[in-house]
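So the structure is just underneath, and the comments pick up after that.
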Amino acid sequence: MNFGILVVDDDEEILGAIEKIVQSEERRVFTAQTLNEANLTFDEESVDLVISDLVLPDGSGIDLLKKVKKINDDIPFVLVTGNSTVDTAVEALKSGATDYITKPFRAVELKTLVENILNKVKIIKENESLKEEILRLKGYEQVVGKSKAMQEILKIIEKVKDIDATVLITGESGTGKEVIARLLHQRSKRNKNPFVAINCGAIPDALIEDELFGHVKGAFTDAVAPRVGAFEKADGGILFLDEIGTLRMDLQVKLLRVIQSREFAPIGSTNVRKVDVRIMAATNSNLQEMVREGKFREDLYYRLNIIHIQIPPLRERREDILPLLRFAMEKISLRLGTKPKDFSRSALEAMLNYDYRGNVRELENIVERSLALSEEDKITLNDLPEEVKQKKEENLSDESKGKGAILSYVENNGLDAYLQRIEKKVITEALLKCNYRKSKAALLLKIQRTTLVERMKRLNIPLRKDNCEDDSETETN
Ligand SMILES: Nc1ncnc2c1ncn2[C@@H]1O[C@H](COP(=O)(O)OP(=O)(O)OP(=O)(O)O)[C@@H](O)[C@H]1O
Ligand SMILES: [Mg+2]
């Protein structure tokens, strides 16, 4: 790791001496003899540590210290003082210097001091690059969406990111509704302002109004201090109303009014406040049905539903499973501080065939659990939960998968591949039912025995029962 050190002293000899003491391969040392020169260098160069004399011809080291602190409070600053009075030392530390050293000093003294300080800087810098890495992982290019459906959603986001229309995001639990809302915020012009998320389903009924609109002091018995509500917090940014379907009817009315007028009054106040907030809402319930049943206001529904983003369940966009597995592995291993692992072939197959009723969240949980359990350098079938293991021999004709899944499979792999999968599944089932007696199975399938054998060969179905046992743990990759 490279460091920049700025050394300031008007005495050329001392300046040279300090430079020599702190010099090393991974450090760049800049020198200055006046306050002015020091200021210019600080503005130009990347400086991680300043060592400055207290008395300079055109000012004081404290002036430089103040400027440095103002620009970046994290940059350590060592003051070099001429005499060892307690006063100057105290003054130096009070002004925010990291440390001070009094002239004359021994080389080793300064060397140790600088060493200690830079070690700390190094940790801070490393932490920052880790944080950046995590941010990158959280960032745009990392919202996984290879499938056609997700690509469509990403396109919609680009189209609507900077208009102020409300957005309604629907999808089963764990499909990524919040991720999509945050992505839209990130991509929008409002990204410098807050993204405030309120989970209407998680806040008790009695508190939700307070949470949304805040209150003034004395609004009710317990209101000893004013409280800023979500609408005000989100001013200039985006307010994300999660689980909107659980919002009480009377608050639905109030919300509608705020959306229409862009103004609201905190509880206990008659002073209306104007806010510039873009509303996004999410739900995993069927709002349209709730409207029909009279449980959700129709007018609010239409207000929220101006732009509708519907995220399909993961099992209907299976192309996303593999990239999501990789992404989850990377993200979770980084969080746990462990090395990411590959999946064995059979484990991968099981993961790709699984239904994920809990969608991406369930996928992440499985990855985390299997990473914790796995003892080998790969995640094997045995590390996976029972219900995933059982899905290894899954087939796509299963009714529960729905038409969307089949079409999306065909779009990716072609009709022939899909038909083959079904053919293989049906023949295998027939064989099992007939205890692998081919003549009987052929009869059941209403085809010739020879045709059956031909097809079994073509489809790689073992000709004998003993070979057809699950060979789950034979790894090929
Ligand atoms: N497309 C995606 N790319 C990367 N990560 C995703 C994606 N979709 C979801 N996730 C991850 O899955 C988890 C669940 O996502 P999120 O909380 O957005 O789902 P949700 O639809 O809001 O769920 P719920 O209805 O339970 O609130 C999060 O950890 C999120 O990071
Ligand atoms: Mg959510």
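The values are calculated or read from the model by the stated rules, or taken from the named source; none is laboratory data. For clarity, every value in this text was computed on a predicted model and none was experimentally measured. A quick note on method: Cβ atoms are made from the backbone with ideal geometry, for glycine too, and the neighbour counts reach across all protein chains shown. All accessible areas refer to the heavy atoms of the entire protein, side chains included, with ligands and DNA or RNA removed. Shrake-Rupley method; radii C 1.70, N 1.55, O 1.52, S 1.80 Å.
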Condition first: more than 30 Å from Ala281 (Cβ to Cβ), modelled with pLDDT of 90 or more and either buried (at least 17 other Cβ atoms within 10 Å of the Cβ) or within 14 Å of ligand 1 (Cβ to nearest atom) (or both). Now tell me which residues in region 327-346 satisfy that. Met329, Lys341, Phe343
Within region 206-255, track down each residue that is of a type in the set (S, T, N, Q) and on the phi > 0 side of the Ramachandran plot. none
Lys192 is checked against (1) surrounded by 15 or more Cβ atoms within 10 Å (Cβ to Cβ); (2) more than 18 Å from Pro266 (Cα to Cα); (3) out of contact with any helix residue (DSSP H, G or I) (no Cβ under 8 Å at 6 or more places or on another chain) and fails just one. What number does that condition carry? (1)
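Working carefully through the options Gly174, Gly214, Gly218, find the one that is under 18 Å from Val143 (Cα atoms) and touching a Gly at 6+ places or on another chain (Cβ under 7 Å).
Gly174
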Report yes if some residue within region 181-192 is within 11 Å of ligand 2 (Cβ to nearest atom) and touching a residue at least 12 places away in the same chain (Cβ under 8 Å); otherwise report no. yes
Taking Ser374, is it at pLDDT 85 or above and hydroxyl-bearing (Ser, Thr, Tyr)? yes
Being in contact with a helix residue (DSSP H, G or I) (Cβ under 8 Å, 6 or more places away or on another chain) and open to solvent by 50 Å² or more (accessible area, probe 1.4 Å) is the filter; apply it to region 273-294 and report the residue that is nearest to ligand 2 (Cβ to nearest atom). Asn284
What is the residue count in region 212-223 for residues that are of a type outside the set (S, T, N, Q) and either touching a strand residue (DSSP E or B) at 6+ places or on another chain (Cβ under 6 Å) or over 19 Å from Val272 (Cβ atoms) (or both)? 7
Which of the residues belonging to region 11-68 are more than 28 Å from Asp87 (Cβ to Cβ) and among the acidic types (Asp, Glu)? Glu19, Glu25, Glu26, Asp43, Glu44, Glu45, Asp48
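Of the residues Lys155, Lys177, which is modelled with pLDDT of 95 or more and open to solvent by 20 Å² or more (accessible area, probe 1.4 Å)?
The match here is Lys177.
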Here the residues within region 158-172 that are open to solvent by 60 Å² or more (accessible area, probe 1.4 Å) and within 14 Å of ligand 2 (Cβ to nearest atom) are Glu172
Helices (runs of 4 or more DSSP H) wholly in region 286-388 with at least 3 residues that are over 23 Å from the mean Cα position of the chain (by Cα), without any contact (Cβ under 8 Å) to a residue 24 or more places away in the chain and assigned by TED's automatic domain parsing to the domain that holds Ile153 - which ones? 287-292, 298-304
